[in-house]
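Here's the structure, in structure tokens; my notes come after.
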């Protein structure tokens with residue numbers, strides 16, 4: 001194993017030991033108070049009133065997927081920024097095509113109403129007018 005990997009392995013070991021130590025200390029020292037109310041399901045800021053399954057608007061999931069897609073796009077741009085000088089103009093234009101495709105996708109989502117969460121479109125009735 002090359003000696004250059006030693007600092008990386010040391011940092012990984014410290015991070016792992018710190019994580020295990022914090023979780024273990026929390027389990028040992030933390031109080032275990034609570035009861036039926038504390039252990040009940042609490043989701044999206046609303047307490048569960050009954051055990052029936054309620055429908056959740058699909059718009060919530062669509063916006064979450066859109067966020068993930070555009071967030072990953074930003075993650076691809078960071079390495080490009082770091083190697084832009086070495087890549088030159090061909091790399092610049094390749095990334096401009098990438099950004100253009102992302103903008104086209106964003107415009108398509110916007111045009112289809114994928115970002116509209118107003119109360120009139122939540123039931124889907126006004127979305128098809």
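The values are calculated or read from the model by the stated rules, or taken from the named source; none is laboratory data. Here the structure is a predicted model, which means the values were calculated and not measured. Cβ atoms come from the backbone with ideal geometry, glycine included; neighbour counts cover every protein chain shown.
Take the residues of region 108-124 that are assigned to a helix (DSSP H, G or I) and over 18 Å from residue 72 (Cβ atoms): which is modelled with the highest pLDDT?
111
Filter region 78-97 down to the residues that are out of contact with any helix residue (DSSP H, G or I) (no Cβ under 7 Å at 6 or more places or on another chain) and within 28 Å of residue 114 (Cα to Cα) and list them by number.
If the condition is that a residue be out of contact with any helix residue (DSSP H, G or I) (no Cβ under 7 Å at 6 or more places or on another chain) and within 28 Å of residue 114 (Cα to Cα), then 78, 94, 96, 97 are the ones that fit.
Got at least one residue in region 81-100 being surrounded by fewer than 10 Cβ atoms within 10 Å (Cβ to Cβ), under 20 Å from the mean Cα position of the chain (by Cα) and without any contact (Cβ under 8 Å) to a residue 12 or more places away in the chain?
No, region 81-100 has no match at all.
Does residue 8 count as exposed (fewer than 10 other Cβ atoms within 10 Å of the Cβ), in a helix (DSSP H, G or I) and at pLDDT 90 or above?
Here the answer is yes, as residue 8 does meet what is asked.
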